[in-house]
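Data block below; observations after.
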Amino acid sequence: QVQLAESGGGLVQAGDSLRLSCAASGRTFGSYVMGWFRQAPGKEREFVASITWIGSSTHYADSVKGRFTISRDNAKNTVYLQMNSLKPEDTAVYYCAVRRGSMSSYGSDYAYWGQGTQVTVSS
């Protein structure tokens with residue numbers, strides 16, 4: 001079993017930055033992929049970014065490429081999402097998730113999910 005706990009959300013203004021954290025526990029993560037997803041009110045959940053637990057492979061949604069950076073600290077079992085130049089359309093609940101295997105941008109491929117953290121960007 002894997003437990004995930006997100007933190008770092010909040011209310012910011014357009015152009016500001018936030019860093020989200022996702023602390024993972026419960027088992028080792030050698031061949032795992034960590035992903036960030038988000039869901040805005042009335043919209044479907046969408047992929048944001050993913051990173052392999054070993055190595056440095058990353059993947060981003062086009063909507064956040066160049067503004068968001070995903071990273072991890074293996075010693076702390078924590079994945080981060082640095083969000084810069086935030087826009088009102090980035091407002092959503094952000095979730096981290098984990099899957100075993102290769103990179104994927106499909107939420108259905110991820111087996112474990114956190115509870116989410118709210119990010120609100122005012123204009």
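The values are calculated or read from the model by the stated rules, or taken from the named source; none is laboratory data. Predicted model, so just to flag it, every value in this text is computed and none were measured. Don't worry about glycine lacking a Cβ; one is built from the backbone with ideal geometry, like all the others, and counts go over all protein chains shown. Ligands, DNA and RNA are excluded from the accessible area calculation, which covers all protein heavy atoms including side chains. Shrake-Rupley method; radii C 1.70, N 1.55, O 1.52, S 1.80 Å.
What to note about this one:
- Summed side-chain charge close to Ser63 - residues other than Ser63 whose Cβ falls under 13 Å, Lys, Arg +1, Asp, Glu -1: +1
- For the chain, with +1 on Lys and Arg beta carbons and -1 on Asp and Glu, the positive-most of Gly107, Gly42, Thr120 along the dipole: Gly107
- Around Thr52: net Lys/Arg minus Asp/Glu count, Cβ-Cβ under 13 Å: +3
- Cross-link reach is defined here as a Cα-Cα straight distance under 13 Å, omitting same-chain residues fewer than 8 places apart; for Lys65 the aspartates and glutamates meeting it are Asp90.
- Taking all protein chains as shown and a probe of 1.4 angstrom, Tyr110 keeps an accessible surface of around 10 Å².
- Taking the 1.4 Å solvent-accessible surface of the chain as the whole, the part contributed by carbon and sulfur is 45%.
- Share antiparallel - DSSP beta bridges, the chain, percent rounded to 5: 90
- Electrostatic dipole magnitude of the chain [Cβ: Lys, Arg +1; Asp, Glu -1; Cα centre; debye, to 20]: 260
- For region 1-57, the list of GluC sites (Glu not before Pro) that fall in a loop by DSSP and count at most 11 other C-beta atoms within 10 angstrom reads Glu44.
- Electrostatic bookkeeping for Tyr80 treats Lys and Arg as +1 and Asp and Glu as -1; over the other residues with beta carbon under 12 Å from its beta carbon, the sum is +1.
- Placing unit charges on each Cβ (+1 for Lys and Arg, -1 for Asp and Glu) gives region 1-94 a dipole about its Cα centre, and among Tyr80, Gly15, Phe68 the Cα reaching farthest toward its positive end belongs to Tyr80.
- 19 Å Cα-Cα reach of Lys76 towards aspartates and glutamates, excluding residues that sit fewer than 8 places from it in its own chain: Glu6
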